[in-house]
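Heads up: the structure comes next, in structure tokens.
Only the coordinates and a few stated rules stand behind these numbers; no lab work does. No experiment lies behind these values; they were computed from the predicted model shown. A quick note on method: Cβ atoms are made from the backbone with ideal geometry, for glycine too, and the neighbour counts reach across all protein chains shown.
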Amino acid sequence: MGDSPAATDMLAVRYQRLVLLNRMSVALFGDKPFAAALPEACHAAMALMGAQSVAVYFTDERGEPVVAHRHFDKRLSDDAARRAEEDLLAFAFAEKRIVTSAAGGRSWEAAPLLRLTADAALLTGGVVFGRVRAEPLDAEREGGLVEIARHLRNARLIQQTLQHRKVSSAIVNQSSEAIFVTDLEQRVLTWNSGAVALFQWRLDEVLGRHGAFLVPPDRVDEIRRVIGEVLAEGRKTSVETERLRKDGTAVPVEGSFTLLTDDAGEPFAIVRSYRDITKRKQVERMKSEFTALVSHELRTPLTAIRGFAETLRDFGDELEPEQRRHYLQIILDESTRLSHMVGDFLDIARIEGGGIEMEFADVKTAALFDRIARLFKEHPSRPAFKLSVGPGAESLRGDEEQLYRLLVNLGGNAMKYTPVEGTVTLKAEAVGPDIELSVEDQGPGVSKADQSRLFEKFYRAGDAVTRKTPGTGLGLAICKGIVEAHSGTIRIESEPGRGARFIARLPKTGPAA
């Protein structure tokens, strides 16, 4: 015997419902963007429920419902229908179950979108269907409503997960810090643009590699200990260490490590974040050098001043007049030296703080050079000064006193290193729209290794002549500050054994406004 007509009709209805539910699923979980897929899925849902309106709400960050899509027959477009829909949704949210209502010959049914956790049922949204005729919710339609709510909930969760991943990925990739993830076997799983910039390795070159390629040989035991602590404690922050770049050079970094665990609490990966601390290390080194400099350079004149002052106080009446004058001259010389040092410290502080004041005017280069030659005329090394002003370099716009200080510092350095009765050359040359002021000595020259750091604060070259010559290591840093305040640049040209030439290139018409 065949099936009865009623049974056949029932199977056809169920088949039709499955087709519509599948259409809704294909729309929601296909390749289309969620915003484009939702209206198509809602049309299939309306057909499945035999409804004339549908409204899908998703909760925002505050847990408030926000309409994501609404479609309705004009017979359900009035304010009363809208209020009935919203009131029923609020009731479904409060009860956290399927609810229905009827009014004015029309009816609605609503289902909350619930995310079930071990502790609670979390609201993620809701769906409301409306009908132009009041109809009770039968078991078939209720089952369909449950499936529709489940599909919408899952689709929403997937959409949010993908959005969060995109946001997290964008944040990580845009970070200036090197951030990457390794599995528990230390194989690289991700690699952001900050890691590319810091370590010089491309993403395709590191994926799947053991992270040992970043670790210097003398840091292997250290990273083993750190990883052990991360696995035991869950995280490790502010680890100062070194890592290797692709070219083999070491870079000082501060590392942070975070253990990732799954829903069961089992670890599966480690996030590693490294920040380049090269500049911080340079500052720390400079502070250390400054402390050593102060303790030595300032202590020396202070010791001399105190010692000779005490001698004059205790034995002044017993000393010959010439001896007293000699002691007083030493006190004067050392106090002058001390004053110059303090002045250097204040000058570099003003320059770095932007507090150096400039008064720009037309400066005659020949007159400026003559001032320098007269200043050093009586220097014990009895130097000869060679002054040269080329065509087009007769004048420039600048602060004359600051340019004088620039040449005094450069000329003073030249005096220190030029042999007795040697020659110091001051030259002005026009180079395009600029003028180059240079000071050249006949000293031992400067090594290539020292040249790159000469204009750093407190840096002094490591040659024997420099070690024997007192100084703060601030003179050339002050020169650089003066030149840059004129929108210029300064450099050195030197070969060991062939002297040194310091060149300040300045715009002839002064700094740009």
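At-a-glance table
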read-out	value
Exposure proxy order (Cβ contacts within 10 Å, fewest to most) of 274, 15, 57	15, 274, 57
Ranking of 46, 358, 415, 24 by count of other Cβ atoms within 10 Å, fewest first	358, 415, 46, 24
Cα-based shape type of segment 63-105, given that a ≥ b ≥ c are square roots of the gyration tensor eigenvalues and the cut on a/c is 1.5	oblate
Net +/- balance of residues flanking residue 486 in space, Cβ distance below 14 Å, scoring K and R +1, D and E -1	-4
Spin-label pair residue 281/residue 163, simplified geometry with 7 Å Cα→Cβ offset, distance in nm	4.3
The chain - convex hull of the alpha-carbon atoms, volume per residue in Å³	312
Per-residue [θ]222 nm for the chain (sum of -39500 (n - 2.57) over DSSP H runs n ≥ 4, rounded to 500)	-15000 deg cm²/dmol
Cβ-based net charge around residue 410, under 14 Å, with every Lys or Arg adding one and every Asp or Glu removing one	+4
Sorted peptide list for 125-138, 474-487, criterion being average Cβ within 10 angstrom, highest first	474-487, 125-138
In Hz, Karplus ³J(HN,Hα) per residue of segment 225-231 (6.51, -1.76, 1.60; θ = phi - 60°; x = Gly, Pro)	5, 4, 4, x, 5, 5, 5
Centre separation in Å (Cα based) which lies between segment 220-262 and segment 125-149	55
Rel. contact order, % - alpha carbon contacts under 8 angstrom, at least six apart, segment 5-170	20
Selected from 210, 220, 255, residue furthest toward positive end of dipole (segment 205-255; charges at beta carbon)	210
Residue-count net charge about residue 237 - beta-carbon cut-off 14 Å; Lys, Arg +1, Asp, Glu -1	-1
Whole-angstrom gap from segment 355-404 to segment 320-341, using each part's C-alpha centre	29
277, 372 arranged by Cβ crowding within 10 Å, fewest neighbours leading	277, 372
Violating pairs (Cα-Cα greater than 31 angstrom) within the set 281/377; 281/386; 287/386; 281/480; 279/364	281/377; 281/386; 287/386; 279/364
Simple label model, 7 Å out from Cα along Cβ direction - residue 29 to residue 325, nm	10.6
Fraction of antiparallel bridges per DSSP, the chain only, in percent to nearest 5	95
